[in-house]
Protein chains: 6
Amino acid sequence: MFDRILDQIEHLSPASEASAHCDGPCGVYDPASARIAAEAVLSLTKKILALAPPAPGDQAAGIAFLNTLTRYVAIKEQQAEQTKHDLLVLWTDYFKPDHLKDTPNLHEMFWNAAKLCSQCKQTVNEQKATELLKAVQEIHEVFWKSKKREVPWYTAA
Amino acid sequence: MFDRILDQIEHLSPASEASAHCDGPCGVYDPASARIAAEAVLSLTKKILALAPPAPGDQAAGIAFLNTLTRYVAIKEQQAEQTKHDLLVLWTDYFKPDHLKDTPNLHEMFWNAAKLCSQCKQTVNEQKATELLKAVQEIHEVFWKSKKREVPWYTAA
Amino acid sequence: MFDRILDQIEHLSPASEASAHCDGPCGVYDPASARIAAEAVLSLTKKILALAPPAPGDQAAGIAFLNTLTRYVAIKEQQAEQTKHDLLVLWTDYFKPDHLKDTPNLHEMFWNAAKLCSQCKQTVNEQKATELLKAVQEIHEVFWKSKKREVPWYTAA
Amino acid sequence: MFDRILDQIEHLSPASEASAHCDGPCGVYDPASARIAAEAVLSLTKKILALAPPAPGDQAAGIAFLNTLTRYVAIKEQQAEQTKHDLLVLWTDYFKPDHLKDTPNLHEMFWNAAKLCSQCKQTVNEQKATELLKAVQEIHEVFWKSKKREVPWYTAA
Amino acid sequence: MFDRILDQIEHLSPASEASAHCDGPCGVYDPASARIAAEAVLSLTKKILALAPPAPGDQAAGIAFLNTLTRYVAIKEQQAEQTKHDLLVLWTDYFKPDHLKDTPNLHEMFWNAAKLCSQCKQTVNEQKATELLKAVQEIHEVFWKSKKREVPWYTAA
Amino acid sequence: MFDRILDQIEHLSPASEASAHCDGPCGVYDPASARIAAEAVLSLTKKILALAPPAPGDQAAGIAFLNTLTRYVAIKEQQAEQTKHDLLVLWTDYFKPDHLKDTPNLHEMFWNAAKLCSQCKQTVNEQKATELLKAVQEIHEVFWKSKKREVPWYTAA
């Protein structure tokens with residue numbers, strides 16, 4: 001079967017070229033996914049800090065408070081991990097040695113952003129969560145500049 | 001502990017209000033995550049269709065072809081599932097009965113988009129993958145209009 | 001290889017028909033998986049509400065209480081998500097436009113059930129968890145009626 | 001806060017008893033989840049064996065064939081793993097040493113069922129997949145008998 | 001294509017033998033992965049028991065305490081599940097009936113270890129977590145002895 | 001409750017120190033988990049290359065061949081991703097700026113190892129898989145040297 005297909009499509013080299021040079025699972029990279037997760041980390045950090053504790057002796061309120069706090073901490077953890085993962089995909093799969101010419105601090109930029117993700121898990125710290133979102137914005141700019149495209153930065157929240 | 005905190009911050013009602021009215025895990029919704037996954041589905045569909053079959057009798061090329069095809073099909077599956085999941089979060093958690101006034105076809109819009117995700121798994125069909133990306137764009141427009149914001153549509157690929 | 005196979009089995013059209021009309025990844029649908037997860041949500045909600053707080057000043061009991069509460073909230077979250085996912089698979093992959101004739105409120109039925117899943121995450125509310133299990137039972141009945149089969153409803157707990 | 005709650009609810013011991021004796025994350029066990037996954041394994045095994053190979057030299061059909069085969073194999077793998085996991089939860093969390101009196105071959109029963117799950121991944125073998133479903137039915141009977149309940153066995157497919 | 005490959009490599013039987021007798025997904029088994037997860041369970045158990053409660057009325061410390069406790073409980077849960085999964089892979093896929101000659105208590109050994117994983121989730125109990133790590137060490141010894149290899153036991157912590 | 005606990009254990013500062021300085025979720029790091037996954041990648045790569053193609057016109061053998069190939073490619077993908085993840089946890093959470101003194105090429109070392117993981121997904125290349133295992137060994141040595149411990153390198157296969 002494949003033999004005959006080959007005969008029919010032996011001029012497909014451009015396509016197979018593209019495939020041979022595929023620089024990742026699908027070639028679709030966009031820091032927006034990391035930005036959405038980092039926004040969630042910041043939002044949950046604020047929500048946790050804004051949680052009003054239950055009135056004294058109000059068992060139902062105490063349980064509701066702990067249900068909400070536990071969920072927000074768990075979702076913050078998950079979203080910080082997502083941010084970390086989405087950023088590291090860019091570092092390991094999109095960026096190539098050539099990019100170090102325009103961005104010599106590439107490794108430190110991603111190392112610090114990844115460490116911020118861990119700090120946002122380990123603490124409930126609005127400043128750290130704000131720094132993380134800024135780190136994602138910096139990566140957004142470096143990324144789109146490397147593709148010679150202008151994509152405006154925006155936040156959903 | 002909580003008792004004393006409460007005494008200190010009994011005027012926190014705005015914050016607790018915000019928390020009480022939280023309309024989801026973190027309030028950060030953005031159709032961009034579904035768009036990125038739908039772009040991946042389209043990209044992988046094109047890459048699969050563009051794969052050049054191996055030269056006859058070239059075992060190494062035959063294995064490479066099947067390694068690539070298997071990976072692309074698996075990633076297409078995963079990204080179509082991600083698109084479906086991200087869209088359904090908008091349908092089940094963001095959109096409320098009030099939204100049916102401005103968007104009476106809300107349910108059909110999401111039902112059809114979700115069914116397109118399944119069709120993009122079950123087939124390698126560039127037209128269906130293009131329809132899926134269009135369906136995500138339509139949801140992008142309905143979503144941002146409902147938030148009274150103008151967010152330009154763009155694709156990363 | 002495939003050529004010769006084809007020669008041997010060119011009368012396989014019924015099989016390939018079946019495959020061509022496959023209405024999902026495997027054609028095995030059963031609301032029982034959503035029912036089991038919804039039962040877990042109800043069970044965990046009751047267990048959380050029944051948790052006896054620790055005796056004053058008993059640190060070990062305080063830690064044990066929070067370990068149990070955190071786990072129950074996390075499992076409730078996970079099982080509510082599972083319920084939601086299993087129900088939405090029925091909505092997006094099993095039910096077809098034709099089913100709207102017999103069940104015109106199909107979309108609202110699933111939308112409300114999915115929103116109940118989210119409410120059961122966000123609260124520790126036995127009434128909501130009971131409503132969710134009833135919503136799954138309603139879907140169980142609509143589903144099996146659409147298949148013209150009588151499958152008795154039961155609960156495991 | 002907890003101190004006062006305790007004063008209000010010091011007679012909650014039955015509830016906390018129940019919680020203290022919880023024999024798993026939520027106490028809801030039902031072999032039906034393993035049965036659904038095992039049915040999917042059998043269904044996909046049959047579908048793979050029934051796949052009609054593509055016509056010679058028909059590239060589109062060749063790609064469609066490999067897309068479907070890859071997906072079915074991946075879903076079979078996933079569902080066999082799910083069956084294995086759901087069965088092992090019963091073995092490790094539900095069944096207790098006392099159950100060995102009524103079911104002295106408990107360990108072999110689960111060991112063999114788990115090994116069947118692996119065989120159904122490693123092969124496309126309708127007989128093995130049928131044996132797996134039978135093994136799940138045997139466990140269904142042992143399980144409900146141990147709970148002194150009669151729950152009829154049925155399959156969804 | 002396959003025909004010609006076959007002609008070229010019809011003497012590959014040893015390789016295909018190996019493949020035909022593959023006793024698992026990849027034949028790489030090592031109890032070290034279960035040991036690492038069990039060490040994490042013990043480490044987190046100690047960390048939870050060592051957590052200093054917040055100073056009275058210090059809201060920020062109260063939130064930080066609950067953020068850390070929730071994370072540690074969630075990670076302990078996850079790592080205990082990982083330990084259980086990695087051990088059960090050895091029981092279901094690596095060990096064969098022949099191994100029962102040298103290790104007649106194989107089933108009890110794994111059943112008890114798996115039940116310890118669940119107990120380490122349900123409690124914050126340093127003794128149970130220590131027993132779990134010892135159970136993993138016992139399995140490490142039985143495993144390597146069955147492979148007639150001497151691999152020294154060590155812990156990373 | 002917390003107030004009284006605090007009174008009882010106000011001298012716990014060493015413990016809370018330890019907790020405050022926790023440099024990760026549990027402080028248990030061991031490159032052995034990445035080594036096991038990298039061994040699986042190499043093993044699966046060899047198994048794929050050693051697969052004997054089916055005899056011409058033997059449909060059952062053709063299906064068995066594709067079932068095995070698809071599974072091996074999928075498991076190779078999963079294990080390469082696991083290797084990448086486990087290595088990046090060391091890079092982002094264990095290694096600190098101070099470590100750059102002893103290991104100035106730390107970033108390149110991990111960047112190259114992560115890129116090898118992606119190459120082992122994208123190809124079926126025994127040399128690349130061998131290089132990946134060697135890269136993990138190099139990281140094993142740098143890691144244990146940084147902890148001033150001697151842990152012998154071994155492979156399970």
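The values are calculated or read from the model by the stated rules, or taken from the named source; none is laboratory data. Predicted model, so just to flag it, every value in this text is computed and none were measured. As a convention, Cβ positions derive from the backbone with ideal geometry for all residues, glycine included, and neighbour counts pool all protein chains shown. Side chains included, ligands, DNA and RNA excluded: accessible areas come from the protein's heavy atoms. Shrake-Rupley method; radii C 1.70, N 1.55, O 1.52, S 1.80 Å.
Side notes on the structure shown:
- Residue-level analysis places B:Glu150 among those that are assigned to a loop (DSSP other than H, G, I, E, B) and more than 29 Å from A:Tyr94 (Cα to Cα).
- Selection over the range E:99-128 of residues that are of a type in the set (A, V, I, L, M) and within 13 Å of the chain's Cα centre (by Cα) gives a count of 3.
- Filtering the range D:116-143 to residues that are farther than 22 Å from E:Leu87 by Cβ, in a helix (DSSP H, G or I) and open to solvent by 10 Å² or more (accessible area, probe 1.4 Å) leaves D:Glu126, D:Gln127, D:Lys128, D:Thr130, D:Glu131, D:Leu133, D:Lys134, D:Gln137, D:Glu138, D:His140, D:Glu141, D:Val142.
- The sole residue among D:Leu88, D:Leu133 that is within 23 Å of C:Arg35 (Cα to Cα), within 7 Å of another protein chain (Cβ to nearest Cβ), touching a residue at least 24 places away in the same chain (Cβ under 8 Å) and of a type outside the set (Asp, Glu) is D:Leu88.
- Residues of the range E:94-115 satisfying the condition of being open to solvent by less than 20 Å² (accessible area, probe 1.4 Å) and part of a helix (DSSP H, G or I): E:Tyr94, E:Leu106, E:His107, E:Met109, E:Phe110, E:Trp111, E:Ala113, E:Ala114
- Residue within the range B:141-157 that is of a type in the set (D, E, K, R) and within 30 Å of D:Ala74 (Cα to Cα) present: no
- Residues being open to solvent by 20 Å² or more (accessible area, probe 1.4 Å), assigned to a helix (DSSP H, G or I) and more than 7 Å from chain C (Cβ to nearest Cβ) - total across the range D:43-63: 5
- Residue selection: B:Ala74 satisfies the criterion of being at the interface with another protein chain (Cβ under 8 Å from one of its Cβ atoms), modelled with pLDDT of 95 or more and open to solvent by 10 Å² or more (accessible area, probe 1.4 Å).
- So A:Ala156, is it touching a residue at least 24 places away in the same chain (Cβ under 8 Å), open to solvent by less than 40 Å² (accessible area, probe 1.4 Å) and part of a loop (DSSP other than H, G, I, E, B): yes
- Residue match in the range B:134-157 (condition: at pLDDT below 95 and hydrophobic (A, V, I, L, M, F, W, C)): yes
- Any hit, the range D:132-141, residues being among the small types (Gly, Ala, Ser) and touching a Pro at 6+ places or on another chain (Cβ under 9 Å): no
- Every listed requirement among (1) over 22 Å from F:Leu133 (Cβ atoms); (2) modelled with pLDDT of 95 or more is met by F:Ala80 save one, (1).
- All positions within the range A:58-85 that are charged (D, E, K, R) and closer than 21 Å to A:Ile36 by Cα: A:Arg71, A:Lys76, A:Glu77, A:Glu81, A:Lys84
- Residues (among the acidic types (Asp, Glu) and at the interface with chain F (Cβ under 7 Å from one of its Cβ atoms)) located in the range E:22-42: E:Asp30, E:Glu39
- Selection of the range E:91-103 for residues being at the interface with another protein chain (Cβ under 10 Å from one of its Cβ atoms) and polar (S, T, N, Q) yields only E:Thr92.
- Residue in the range E:17-37 that is in a loop (DSSP other than H, G, I, E, B), at pLDDT below 95, in contact with a helix residue (DSSP H, G or I) (Cβ under 6 Å, 6 or more places away or on another chain) and under 25 Å from A:Ala50 (Cβ atoms) present: no
- Among the residues making up the range D:77-93, those that are open to solvent by 60 Å² or more (accessible area, probe 1.4 Å) and farther than 20 Å from D:Cys26 by Cα are D:Gln78, D:Glu81.
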